[in-house]
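Everything below concerns the one structure shown next.
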Amino acid sequence: MPDVAYGDHKDLVEEFQARAKAQHGTPAAMQELANQKAELKRKLVRRDGSLGQGARVTAALRRIVAELDLELDQAREELGLSGNVTRLPTPWRRPARR
């Protein structure tokens, strides 16, 4: 069939066939793409690991913040019920510039 499409360029067809045969199966371009794919896959695995670790840290920090918020509310409630605490006025803050 190549003779029909490339009848005038037999030398090119033969050169291509010789180069393809010399590569012992896998063309260089395909091997390069396979190598790139493997490298990208390794990077993706590392990135997924980093994201997973970040998600675990974030979840732990959320639990800590929730617990501290509950403790703060409880402490405020206890202070309010004791009646021995005098509240100070909140400090004056300069308005934000626009």
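Observations on the structure shown:
- Over all directions, the projected convex hull of the C-alpha atoms in the range 27-80 averages 3.7 nm² in area.
- When Rg/Rh (Cα atoms, Kirkwood Rh) is computed from the coordinates, the matching label among (i) 0.92; (ii) 0.96; (iii) 1.61 is (iii).
- Loop-located trypsin sites (Lys or Arg not before Pro) in the range 23-92, at most 15 other Cβ atoms within 10 Å (DSSP): Arg87
- Distance between the C-alpha centres of the range 13-44 and the range 66-85: 68 Å, rounded to the whole angstrom.
- Net +/- balance of residues flanking Gln36 in space, Cβ distance below 12 Å, scoring K and R +1, D and E -1: +2
- Helical runs assigned H by DSSP (4 residues or longer) give the chain a calculated mean residue ellipticity at 222 nm of -26000 deg cm²/dmol, each run adding -39500 (n - 2.57) before division by the residue total.
Here, each number is a calculation from the coordinates, and none is a lab measurement. Nothing here was measured: the structure is a model prediction, and the numbers come from that model. Neighbour counts run over all protein chains shown; Cβ positions are idealised from the backbone, glycine included.
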